[in-house]
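Participant: Quick one: the structure is below, questions incoming.
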Amino acid sequence: MKTRLLFLGPPGAGKGTQAAMLCESGGMKHLSTGDLLRSEVAAGTELGKEAEAVMNRGELVSDALVLAIVESQMKNLSGQGWLLDGFPRTVPQAEALEPLLAELQQSIEAVILLELDDAVLIERLLARGRADDNETVIRNRLEVYREKTAPLINFYRDKGLLTSVPAHGSVEVITERIRESLS
Ligand code: ADP
């Protein structure tokens, strides 16, 4: 199975859940920039203080800040596979990832795009109830996704790396679809 992966898709598509399942069985390191940022916020670090307000508005944290986090995580992996979840989220982040991967002599083996209708996304996010999961902020996050992150779909499709997976149905059914697309 491929073990250097990237998850793409709107907030609420289930990237975090699916990434955790896949990494548990496949032994990859789950690198979620959202989770890493939330740990910084919880620990009250300078970085966390800088990120918190931005996250609670549903905006994106600066590329430089996120890149610094990803870089230090990836340089500490010692040969293990990885799954990037929530990064890259902008074209500049995707462009910055390339020299980092070149330096590590690694490359992305597959990009999984989890696709789901807006109505279902909003319903799932409202049910989750995280600090950034109220309706106004959710709508903003979906708009930010469309504007800043969705261009990455063509970015990776052009590289021949993209696989699209429908993200409706039960957690298990979706995991199976992803596994099939990776075999
Ligand atoms: P979701 O998948 O529900 O959008 P995440 O946990 O991936 O949630 O991200 C939560 C928030 O963390 C984002 O709305 C954004 O503010 C910040 N964030 C996470 N990853 C990035 C990134 N790569 N670049 C900029 N901001 C990010």
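Participant: Need one word for the range 6-135: rounded, prolate or oblate. Basis is the Cα gyration tensor (sqrt eigenvalues a ≥ b ≥ c); a/c below 1.5 gives rounded, then a/b vs b/c decides. Can you show the working numbers first?
Facilitator: Numbers: a/c = 1.71, a/b = 1.24, b/c = 1.38.
Since a/c reaches 1.5 but b/c is at least a/b, the shape of the range 6-135 is classed as oblate.
Participant: Could I ask something else about it? Add -39500 (n - 2.57) for each DSSP H run of 4 or more in the chain, then divide by its residues: what number comes out at 222 nm, to the nearest 500 deg cm²/dmol?
Facilitator: Rounded to the nearest 500, the figure is -17000 deg cm²/dmol.
Participant: Taking neighbour counts of Cβ atoms within 10 Å as a proxy for exposure, in what order, fewest first, do PHE87, PHE155, PHE7 appear?
Facilitator: PHE155, PHE87, PHE7
Participant: Also, I was wondering about something else. Within the set of other residues whose C-beta is less than 12 Å from the C-beta of ASP118, count the net charge using Lys and Arg as +1 and Asp and Glu as -1. Before the final figure, lay out each step's value.
Facilitator: Working: positive: ARG124, ARG139, ARG141, ARG146; negative: GLU115, ASP117, GLU123, GLU143.
Overall, the nearby charge balance is 0.
Read-outs throughout are calculated quantities, based only on the coordinates presented, and are distinct from any laboratory measurement. Every value quoted in this text rests on a predicted model; they were computed, and no experiment measured them. Positions of Cβ are backbone-derived with ideal geometry, glycine not excepted, and every protein chain shown enters the neighbour counts.
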